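Working notes, beginning with the structure itself.
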Amino acid sequence: MIRKLRRRFVAISMSLLFVVLLLAGGSLLYTTYRQQRSDTLTALRMALENGGGSQKVPIGKPQSEDGGRASPRFGSAVFVVTVDSTGAITDSKIENVEISDETLAAVTAAALDSGDSAGTIASPALRWQKKTTADGAVLAFADRSSESAAVSSLLLKLAAVLCGALAAFFGICELLARLALRPVEAAWEQQRQFVADASHELKTPLTVILANASIMARHSAETVASQNQWLDGIAQEGGRMKKLIDDLLFLAKSDAARAPVVLSRVDFSDAVWSSALSFESVAFERGIALETQIEPGLAVRGDEARLKRLADTLVDNACKYAGGEKRVVVALNGAAGEAVLAVTNTGTEIPPGDLPHIFERFYRADESRTQGTGGYGLGLSIAAAIAAEHRGAIRAESAGGKTTFTVTLPLDRAEGRRAPAQQ
């Protein structure tokens with residue numbers, strides 16, 4: 001699909017360039033023709049006024065640059081003919097023009113027979129104008145081969161420029177298409193991987209549910225109480241599936257911008273404090289020392305439920321991976337117009353190669369760090385999505401036996417800071 005998209009991009013770009021160059025070249029050709037025609041008509045008017053001609057150039061015969069008769073380039077030649085009321089030629093100024101008497105009589109008769117005051121003759125290629133006098137008329141003729149020669153010469157040059165420009169632009173367009181579509185290609189690969197990972201994660205609980213249901217079907221004569229083990233397994237895996245689907249739905253809505261954030265003033269200090277408080281029992285059961293360093297009264301604009309979920313995700317993640325000293329520190333303070341939430345846990349460090357990927361969906365670090373933690377690898381992706389929705393940022397650092405996730409959100413200073421509420 002990416003290859004077809006790249007080809008379409010190149011084809012559309014080349015077509016647009018071709019049309020633009022064609023219009024520009026056509027306009028230039030037309031302008032050149034109009035200018036040549038205007039010059040010829042000016043020469044005719046001057047000849048009628050002055051009754052004279054110009055340089056000696058063979059009419060209707062090609063002349064080369066060196067005086068030969070090879071190239072189809074013509075000079076500009078003007079001659080004047082005077083006729084009486086019957087149409088007979090009474091005078092002509094053709095001393096500077098090579099033209100036979102038969103040709104002269106033929107072009108004069110053709111001009112008079114047309115009944116117009118100006119016009120063109122196909123062979124030889126002449127443009128003429130007529131001025132009526134008391135005794136007859138005066139006709140001025142000009143060779144218009146130079147007009148077509150100038151246009152033809154320009155046309156050849158434009159064709160060469162067009163071919164060269166299209167060839168050069170094709171290479172440039174192909175390169176730009178590859179560069180422009182790299183993010184699309186990466187997103188496409190991520191989407192394919194996302195679908196594959198989601199299918200894999202859904203397969204495990206479905207397999208357990210189907211297996212438990214099959215066991216219960218084979219012992220249909222037994223009481224419900226005797227099969228509580230299988231029912232509990234179905235309920236547990238069903239709950240895991242529901243959580244996974246809810247997480248997937250949240251990320252899908254975030255990607256499609258279908259779940260807009262309802263902006264309101266939120267006491268972020270209260271939200272973080274509430275999140276830390278809800279995990280105290282979890283930390284106690286796991287023997288983890290949970291410390292809080294929360295600056296009160298820090299307010300941001302956003303969705304309170306989502307901000308609470310952001311804090312819950314980071315604290316839950318820290319408790320899951322707390323090892324060594326089994327210590328988790330939740331710190332929140334204001335700095336440079338931002339609320340900075342830092343959640344730190346001791347334990348196994350995240351390998352440097354994993355740090356750039358930990359916010360990707362379904363990504364989990366090495367087995368030694370994730371073993372027995374459960375989850376689907378979506379929590380940090382959701383945290384990153386919530387931070388982005390609130391015009392914030394999230395980053396991770398892991399060194400010295402500690403891992404820290406830091407979230408920065410712009411402070412809402414509309415009403416200032418509240419008085420300290422918790423210590």
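How much FRET efficiency would the formula 1/(1 + (r/R0)^6) give for residue 166 and residue 274, where r is the Cβ-Cβ distance and R0 is 56 Å, rounded to 0.05? According to the calculation, E is roughly 0.30. Dipole check for segment 90-187: with +1 at the C-beta of Lys and Arg, -1 at the C-beta of Asp and Glu, and the Cα centre as origin, the magnitude is about 700 Debye.
Within straight-line reach of residue 402, meaning a Cα separation under 25 Å, sit the following lysines at least 8 residues removed in sequence or on another chain: 308, 320, 326.
Note that segment 144-219 shows a convex hull volume over its alpha carbon atoms of 116 Å³ per residue. If the chain linking residue 23 and residue 122 were pulled fully straight, counting 0.36 nm for each residue of separation and taking away their Cα-Cα distance, it would gain 32.8 nm.
All of the numbers you see were taken from the coordinates with simple rules; none came from a lab. Quantities reported herein were computed from a predicted structural model and do not represent experimental measurements. Cβ sites come from the backbone with ideal geometry, for glycine too, and all protein chains shown count toward neighbours.
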